[in-house]
Amino acid sequence: MRACAREGWPARIRAVISNRPDAAGLGFAAANGIETKVVDHRQFDQRDSFDAALAQEIDRFEPDLVVLAGFMRVLTDAFVAKYAGRMLNVHPSLLPCFPGLRTHQQALDAGVRVHGASVHFVTPTLDHGPIVAQAAVPVVAGDDAAALATRVLKVEHDIYPRAVRWFIEGRLSIEGERVALTPSEPQWLFADIAGEGA
């Protein structure tokens, strides 16, 4: 929302929809005049019935793009197919490394020296899909999962709005497993130890 206003994107946020009634994003959205809705997954016995209810709410707003953030539910293949090519996700690792949960601990356990975040188009395979942008952060001595998560979150906040803007501007095209950006500009970010772009 802030990037949209600051950079004058030709777009507006239609709604914030969550499966968790206590999600912080709902309060932020409401305070900024954005419509909110909760589709509580605990009210559904089956994943496909939850996904159908979620899709019904999404479609009420007729979005050009669905942006996932902190959405910790595995979506059905039918739901993903419905929004193919117009649903983005941010994942706290340099995909294809460390999909799923506990990514920061996975990175520490693997002994990697570089970790990061990826923005990708959503496909039926969990934490997989054509990568739009990535940001790398160093793993430093003394890091624990919480410290690494804080550093990665900072770069997520850099690359995710950038990727959304590129989509809005019509600059992204999916070519097989790759995403082309036209005109070209860096689709990656390297951060220094403090987590600032470098």
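Laboratory data are not the source of any read-out in this text; all were calculated from the coordinates shown. Model, not experiment: these values are computed from the prediction. Because the Cβ atoms are built from the backbone with ideal geometry, glycine has one as well, and the counts that use them run over all protein chains shown.
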(request) Just one of (1) exposed (fewer than 12 other Cβ atoms within 10 Å of the Cβ); (2) in contact with a helix residue (DSSP H, G or I) (Cβ under 8 Å, 6 or more places away or on another chain); (3) over 23 Å from Tyr160 (Cα atoms) trips up Thr76, so point out which. (result) (1)
(request) Looking only at region 131-169, count how many residues are buried (at least 16 other Cβ atoms within 10 Å of the Cβ) and in a loop (DSSP other than H, G, I, E, B). (result) 2
(message) Condition first: in contact with a Lys or Arg (Cβ under 9 Å, 6 or more places away or on another chain), under 13 Å from Pro92 (Cα atoms) and not β-branched (Val, Ile, Thr). Now tell me which residues in region 136-162 satisfy that.
(response) Ala145
(message) When you check Ser184 against the structure, is it in a loop (DSSP other than H, G, I, E, B) and among the small types (Gly, Ala, Ser), yes or no?
(response) yes
(message) Within region 75-83, does at least one residue satisfy the condition of being farther than 19 Å from His120 by Cα and not acidic (Asp, Glu)?
(response) no
(message) If I filter region 140-155 for residues that are within 11 Å of the chain's Cα centre (by Cα), of a type in the set (A, V, I, L, M, F, W, C) and over 17 Å from Ala191 (Cα atoms), do I get at least one hit?
(response) no
(message) Here is a check on your reading of the model: is Leu88 over 17 Å from the mean Cα position of the chain (by Cα) and surrounded by 13 or more Cβ atoms within 10 Å (Cβ to Cβ)?
(response) no
(message) List pairs: first residue in region 41-61 and under 18 Å from Arg20 (Cβ atoms), second residue hydroxyl-bearing (Ser, Thr, Tyr) anywhere in the structure, Cβ distance under 7 angstrom, at least six positions apart or on different chains.
(response) Arg47/Thr76; Asp51/Thr76
(request) Given the conditions (1) under 17 Å from the mean Cα position of the chain (by Cα); (2) surrounded by 12 or more Cβ atoms within 10 Å (Cβ to Cβ); (3) within 25 Å of Gly170 (Cα to Cα), report the number of the one that Asp64 does not fulfil. (result) (2)
(request) Looking only at region 27-48, decide whether some residue is under 30 Å from Gly176 (Cα atoms) and surrounded by fewer than 16 Cβ atoms within 10 Å (Cβ to Cβ). (result) yes
